[in-house]
1. What pairs can you find where one residue is in segment 12-25 and in contact (Cβ under 8 Å) with a residue 12 or more places away in the chain, the other is assigned to a helix (DSSP H, G or I) and of a type in the set (Val, Ile, Thr), and their Cβ atoms are less than 6 Å apart, with a gap of 6+ or different chains?
2. Conditions first: (1) touching a residue at least 60 places away in the same chain (Cβ under 8 Å); (2) touching a Gly at 6+ places or on another chain (Cβ under 7 Å); (3) surrounded by fewer than 17 Cβ atoms within 10 Å (Cβ to Cβ); (4) not hydroxyl-bearing (Ser, Thr, Tyr). Val74 passes all but one, so which condition is the exception?
3. Given (1) modelled with pLDDT under 95; (2) farther than 22 Å from Ile18 by Cβ; (3) under 16 Å from the mean Cα position of the chain (by Cα), identify the lone condition not met by Gly139.
4. Any residue in segment 47-68 that is more than 19 Å from Phe9 (Cα to Cα) and without any contact (Cβ under 8 Å) to a residue 24 or more places away in the chain sitting within a Cβ distance under 7 Å of a residue that is surrounded by 15 or more Cβ atoms within 10 Å (Cβ to Cβ) and among the aliphatic types (A, V, I, L, M)? List the pairs, counting only those 6 or more apart or interchain.
5. Among the residues of segment 63-78, write down those that are in contact with a helix residue (DSSP H, G or I) (Cβ under 7 Å, 6 or more places away or on another chain) and not acidic (Asp, Glu).
6. Could you tell me whether segment 145-152 includes any residue that is buried (at least 17 other Cβ atoms within 10 Å of the Cβ) and among the charged types (D, E, K, R)?
7. Have a look at Phe9, Phe88 and point out the one that is under 26 Å from Asp138 (Cα atoms), without any contact (Cβ under 8 Å) to a residue 60 or more places away in the chain and of a type in the set (Phe, Trp, Tyr).
8. Report yes if Ala39 is at pLDDT 95 or above, of a type outside the set (Val, Ile, Thr) and either closer than 28 Å to Asp145 by Cα or within 18 Å of the chain's Cα centre (by Cα) (or both), otherwise no.
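The values are calculated or read from the model by the stated rules, or taken from the named source; none is laboratory data. Quantities reported herein were computed from a predicted structural model and do not represent experimental measurements. Every residue, glycine as well, gets a Cβ built from its backbone with ideal geometry; the counts of neighbours run over all protein chains shown.
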Amino acid sequence: ILPTDGKYFVNYIEKELIDSNLSILPRMSKGIKEGIIEAIYEVFVNAQIHSQTKYIYSCGQFFPGSNELFFTLVDTGISIKNCVNKRFKSNLTSVQAIKWALVDRNTTKEHITGGIGLALLKDFIKNNRGLMQIISNDGYYSLDDGREVYKLFSGQFPGTVVTIKFKTDDKHHYSLKNEKDINFENIF
């Protein structure tokens with residue numbers, strides 16, 4: 001996907017990833033569904049705006065035998081660490097930058113709201129007992145079945161990989177207390 005193809009990507013997320021899989025995804029309200037679409041789109045927009053990548057790659061796969069739906073987004077840009085350090089003139093490690101990016105409302109955008117994408121996905125995945133992995137530069141983050149791991153690699157990946165796994169056998173119904181407020185502190 002070219003970084004300029006955002007309008008096509010949001011349609012792809014809504015129609016191909018979410019709507020075409022509603023029968024296998026955990027039951028969710030309209031607010032949760034829209035929040036997940038918006039969160040995945042924000043991850044794409046971050047790659048589009050910040051990473052300085054030529055292309056953005058995405059793929060997904062449903063595994064019916066293990067009740068898992070995977071989706072991955074990859075850019076070969078400057079990494080989360082380099083983007084955050086450049087914006088704030090800081091010297092964070094890749095792990096510190098990933099931790100920072102996972103905090104709700106943290107954004108490198110100036111005078112524009114943002115920073116909900118990764119935090120919102122993390123909260124949903126934690127409740128769904130799914131998986132979220134981020135590899136950026138030499139940093140690694142994993143949230144797997146509620147357990148978080150941060151690591152530094154000895155090598156480096158040129159860019160960022162974000163993978164999410166939805167557990168499709170999750171019998172919970174996810175909804176927001178206030179459908180107008182897309183904030184996962186409001187689940188149930």
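1. That search, which allows pairs on different chains as well, returns Ile13/Ile37; Ile13/Ile40; Glu14/Ile37; Ile18/Ile37.
2. Checking Val74 against (1) touching a residue at least 60 places away in the same chain (Cβ under 8 Å); (2) touching a Gly at 6+ places or on another chain (Cβ under 7 Å); (3) surrounded by fewer than 17 Cβ atoms within 10 Å (Cβ to Cβ); (4) not hydroxyl-bearing (Ser, Thr, Tyr), the one that fails is (3).
3. Of the numbered conditions (1) modelled with pLDDT under 95; (2) farther than 22 Å from Ile18 by Cβ; (3) under 16 Å from the mean Cα position of the chain (by Cα), the odd one out for Gly139 is (1).
4. none
5. Once the filter is applied, which keeps residues that are in contact with a helix residue (DSSP H, G or I) (Cβ under 7 Å, 6 or more places away or on another chain) and not acidic (Asp, Glu), segment 63-78 yields Leu69, Phe71, Leu73, Gly77.
6. Looking for residues that are buried (at least 17 other Cβ atoms within 10 Å of the Cβ) and among the charged types (D, E, K, R), one finds none in segment 145-152, hence no.
7. None of the other options fit; the residue is Phe88.
8. no
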